[in-house]
1. Want the number for R74 to A36: 0.36 nm per residue separation, take away the alpha-carbon distance, what's left?
2. How do T95, T85 line up, fewest other C-beta atoms within 10 Å first?
3. Residue separation times 0.36 nm, minus the C-alpha to C-alpha distance between N108 and E26: what's the value?
4. In whole Hz and in residue order, list the ³J(HN,Hα) couplings for region 47-54 that follow from phi through the Karplus curve 6.51 cos²θ - 1.76 cosθ + 1.60, θ = phi - 60°; x for Gly and Pro.
5. Write out the trypsin sites (Lys or Arg not before Pro) in region 59-98 meeting two conditions: DSSP loop, and at most 13 other Cβ atoms within 10 Å of their Cβ.
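Just so you know, all these numbers are worked out from the coordinates, no wet-lab data involved. Just so we're clear, the structure is a prediction, and the values are computed from it rather than from any experiment. As a convention, Cβ positions derive from the backbone with ideal geometry for all residues, glycine included, and neighbour counts pool all protein chains shown.
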Amino acid sequence: MTGTASSVLVAESHHGLAEGLRGLLETVFDCVVIVADERSLTESAGRIVPALVIVDLPLGRGDIGGLIGRLRARCPGLPVLILSTHEEPSVAESTVRFGADGFLVKRNIASGLLPMVDALLRGEHPGAQVPGAPAQAERVE
């Protein structure tokens, strides 16, 4: 890891998973803020200006590009990592094309979350980590 960053904002509606994420992320961040809905996510992003936002894909309700746009309107340059149960490469590729800096399948959180976070905090855009997916999709800015 690159050291301790100030804060991360996590949008995850499943309490058990959110608490598991908190445990992992507290090793990297001074403050881990958990929210469970899109409105709380966008309001909190503007208030705390986190170093990173991690979003459960269903919170975008079919408009992940719009959600990422609203987050970046409040916090320009904010790195966004999308988590999803969907393992289809097309889902991962579309989230990256719509502006996500990274995509991680939830079943890979234990092994993939902290390396992905580290890359994002270094300013890298690791793209999608899905078995069978291309190494990186192109982002639409």
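1. Working: separation 38, 0.36 × 38 = 13.68 nm, distance 1.84 nm.
Value of the extension gain: 11.8 nm.
2. Working: T95 29, T85 11.
Final ranking by Cβ density, sparse to dense: T85, T95.
3. Values: separation 82, 0.36 × 82 = 29.52 nm, distance 1.82 nm.
Between N108 and E26, full extension yields an extra 27.7 nm.
4. Taking θ as phi minus 60°, the curve returns 7, 9, 6, x, 6, 7, 10, 10 Hz for region 47-54.
5. Values: sites: R61, R70, R72, R74, R97; in loops: R61.
Sites meeting the loop and neighbour criteria: R61.
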